[in-house]
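Worksheet for the structure shown next.
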Amino acid sequence: MEMTLRWFGTGFDTVTLRQIRQIPGVTGVITTLYDTEPGEVWSRERIHALKEAVEASGLHISGIESVNIHDAIKVGTPDRDQYIDNYITTLENLGKEDIHMVCYNFMPVFDWTRTELARVRPDGSTVLAYSQKTIDSIDPQDMFASIKGDANGAILPGWEPERMAKISELFDMYKDVDEEKLFDNLKYFLERIMPVCDKYDINMAIHPDDPAWSVFGLPRIIINLDNIMRMMRMVDNPHNGVTFCAGSYGTNRANDLPTMIRALKGRLHFAHVRNLKFNSDDDFEEAAHLSSDGSFDMYEIMKALYDIDFDGPIRPDHGRMIWDEVAMPGYGLYDRALGATYLNGLWEAIVKSHGEKK
Ligand code: CS2
Ligand code: MN
């Protein structure tokens with residue numbers, strides 16, 4: 001595996017490439033062109049400039065998170081082909097710039113959903129949190145306004161104000177889309193992009209829906225092992241794979257994370273590893289990466305990745321806000337650096353006790 005950190009790009013991230021370079025064992029970044037809209041073509045020039053900026057700091061681009069999917073593709077409206085053509089051109093340009101992993105999601109309307117951006121934990125750190133009771137008591141149209149807490153000046157990925165302004169329009173677009181339709185539309189999209197992925201050896205890594213169940217009556221399909229297996233079988237190409245996000249699949253306690261990882265051998269192209277603490281079945285908060293701070297066994301997660309010979313990029317995921325840092329919720333430097341170091345420590349111990357792989 002290669003340890004990486006997500007970086008939103010100059011002007012969008014409080015964390016600098018120089019800081020990332022100084023985290024021991026982190027050699028790559030997972031980045032994006034944050035100011036592009038879903039459906040837009042990413043020009044080769046802009047990708048190249050991003051790559052040069054990253055490489056000038058002594059790091060490299062290990063993959064993209066995300067190239068977002070236009071709603072026309074998810075809904076399957078007649079103009080979807082145009083947006084898929086654009087997506088293909090973006091993939092071609094990424095391939096020509098030697099970038100081989102793309103994370104994306106297929107969630108209708110909302111990307112991740114949380115009810116609090118800064119819940120205070122006993123140690124005084126603040127974290128993202130989710131309460132099903134809160135979700136059940138609010139109107140989806142008010143979701144954005146009702147998230148408690150401050151984004152610290154950052155635009156949260158998937159929660160762009162322009163997008164949230166059109167929220168009722170978006171809900172309307174999805175009114176006839178059920179899970180079957182969403183699967184069909186995903187299949188259509190994947191079938192069309194696989195040739196370019198084969199040509200440039202690009203691993204597509206679908207991110208799970210977070211939380212891993214339907215919210216506000218919207219269909220959600222990337223939520224459990226059965227559904228991911230269906231997704232992979234319906235377009236049976238190794239380039240059609242997944243992002244294993246422990247914190248997203250783990251929201252559903254029926255998901256056994258190490259077992260899921262083992263079932264994904266060869267198709268797991270990117271790993272997000274983080275911990276959650278459950279207060280009850282319908283209330284959880286994000287925790288430090290350390291096993292004992294949350295509800296997951298992080299050793300077992302890393303061991304499962306080792307067992308399947310995982311050799312793709314991995315990143316610590318949302319961190320707590322600690323040491324008075326002011327940053328995008330979940331994406332400060334300090335706690336993610338602690339997370340990367342802890343995960344590297346677990347990996348070193350696993351390798352030393354079970355033998356070197358690749
Ligand atoms: C991320 C997701 O911050 C997060 O929770 O893991 O927003 C992820 O980047 C997208 O769903 C992938 O498209
Ligand atoms: Mn994730």
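Annotation note: Cβ proximity below 8 Å between a residue of the stretch 78-105 that is closer than 12 Å to W42 by Cα and a residue that is of a type outside the set (F, W, Y) and assigned to a strand (DSSP E or B) (sequence gap 6+ or interchain) occurs for L91/V102; L94/I64; L94/V102. Taking the criterion of being without any contact (Cβ under 8 Å) to a residue 60 or more places away in the chain, within 16 Å of ligand 2 (Cβ to nearest atom) and β-branched (V, I, T), the residues of the stretch 185-237 that qualify are I223, I228. A count restricted to the stretch 13-63 and to residues that are of a type outside the set (A, V, I, L, M, F, W, C), assigned to a loop (DSSP other than H, G, I, E, B) and either under 19 Å from L156 (Cα atoms) or without any contact (Cβ under 8 Å) to a residue 60 or more places away in the chain (or both) stands at 16.
For G124, the stated conditions do not hold, so it cannot be described as closer than 27 Å to G11 by Cβ and either of a type in the set (G, A, S) or surrounded by 20 or more Cβ atoms within 10 Å (Cβ to Cβ) (or both). The set of residues in the stretch 12-27 being surrounded by fewer than 20 Cβ atoms within 10 Å (Cβ to Cβ) and under 14 Å from V54 (Cα atoms) consists of T16, R18, Q19, R21, Q22, T27. Quick one: would you say M298 is in contact with a His (Cβ under 7 Å, 6 or more places away or on another chain) and either farther than 23 Å from N203 by Cβ or free of Cβ contacts under 8 Å to residues at least 60 places away in the same chain (or both)? So M298 passes the test. The selection criterion, being surrounded by 16 or more Cβ atoms within 10 Å (Cβ to Cβ) and within 14 Å of D71 (Cα to Cα), holds for L186. Taken over the stretch 105-157, the criterion of being of a type in the set (D, E, K, R) and more than 16 Å from ligand 2 (Cβ to nearest atom) is satisfied by E116, R119, R121, D123, K133, D136, D139, D142, K148, D150.
For every residue, the table says whether it meets (1) within 16 Å of ligand 1 (Cβ to nearest atom); (2) surrounded by 17 or more Cβ atoms within 10 Å (Cβ to Cβ); (3) outside any loop (DSSP other than H, G, I, E, B).
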position	(1), (2), (3)
K175	no, no, no
E180	no, no, yes
L190	yes, yes, yes
P211	yes, yes, no
R220	yes, yes, no
K265	no, no, no
H272	yes, yes, yes
K277	no, yes, yes
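In the stretch 70-106, the residue that is nearest to the chain's Cα centre (by Cα) out of those that are of a type in the set (V, I, T) and in a loop (DSSP other than H, G, I, E, B) is I99.
Each value in this text was obtained by applying a stated rule to the coordinates, not by laboratory testing. The model shown is predicted, which means the values in this text are computed figures rather than measured ones. Cβ atoms come from the backbone with ideal geometry, glycine included; neighbour counts cover every protein chain shown.
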